[in-house]
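Undergrad: This is the structure, below, for whatever I ask next.
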Amino acid sequence: MLSPEGFPEGSSSPALSILQERWALSVLDVLLNGEVFFNDLARALPEASPTTLQTRLKMLQRQGLVEREVRRDVPPSTLYRLTGKGETVRPLLESMKRWCMEHHSEPAQGATAETSPVVEVLRVLGQKWSLPIMMLLSMEARGFVRLMEALGNINSSTLKNRLDGLEKLGFVERQVLSGNQMRTLYRVTRRGAAFRTVMLALRQWEEHLQG
């Protein structure tokens, strides 16, 4: 079953799996500026250990996003570049940066994609069910029971946990309606609605990865 907007049920997707790997997004961001030698990449991301960078590069190579060229220099050197498939991440990264500029202060000097506020947002959205919840609420406000019915086989404790996480991000707010029976409606905030462009870019990248 597919969630709203074509995401796999429960937000299990190759795109989110890649973005949740620490430093993977930063590596892609650096490589979007052109091919680099490993030592230059390490200097661009000084907080990442060389071992971690090598692990992420190997993962991105397996995904077909990055390729490497071993130069027979003295000493030998390794050059990394994005493949055509890897270049497809550009619209997603650009939409992420635009969202940060509009909803956060200017990035600090030396900031990387890894330290961007949007990375933490994507990690929360990458939790099972968070993304489908956001997509449903972006269409219309819903009560807890209607959300459960729309999502299918989610349990109540998981739904409550995900809604709490989205509230902490400032993406979802609740409204208690009075009447014969008090009930709570959940809706997307203005900040959460603005993030929809990032989610749509994420969906497009997902399609490229699966194509």
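The values are calculated or read from the model by the stated rules, or taken from the named source; none is laboratory data. Predicted, not measured: the structure shown is a model, and the values here were computed from it. Positions of Cβ are backbone-derived with ideal geometry, glycine not excepted, and every protein chain shown enters the neighbour counts.
Undergrad: Considering the range 1-41 alone, what residues qualify as being of a type in the set (Ser, Thr, Tyr) and modelled with pLDDT under 55?
TA: From the range 1-41, those of a type in the set (Ser, Thr, Tyr) are 3, 11-13, 17, 26; that's our starting set.
Within the range 1-41, Ser3, Ser11, Ser12 qualify.
Undergrad: What number of residues within the range 55-93 are in a helix (DSSP H, G or I), of a type outside the set (Gly, Ala, Ser) and in contact with a helix residue (DSSP H, G or I) (Cβ under 8 Å, 6 or more places away or on another chain)?
TA: The qualifying residues number 8.
Undergrad: Name the residues in the range 160-211 that are β-branched (Val, Ile, Thr) and under 15 Å from the mean Cα position of the chain (by Cα), would you?
TA: Thr197, Val198
Undergrad: Restricting the search to the range 34-66, which residues are among the hydroxyl-bearing types (Ser, Thr, Tyr) and without any contact (Cβ under 8 Å) to a residue 12 or more places away in the chain? Break it down stepwise before answering.
TA: Here is the first cut: in the range 34-66, the residues among the hydroxyl-bearing types (Ser, Thr, Tyr) are 49, 51-52, 55.
Passing the criteria: Ser49, Thr51, Thr55.
Undergrad: If only one of Glu149, Glu173 is over 30 Å from Arg43 (Cβ atoms), part of a helix (DSSP H, G or I) and either modelled with pLDDT of 90 or more or touching a Gly at 6+ places or on another chain (Cβ under 9 Å) (or both), which one is it?
TA: Glu149
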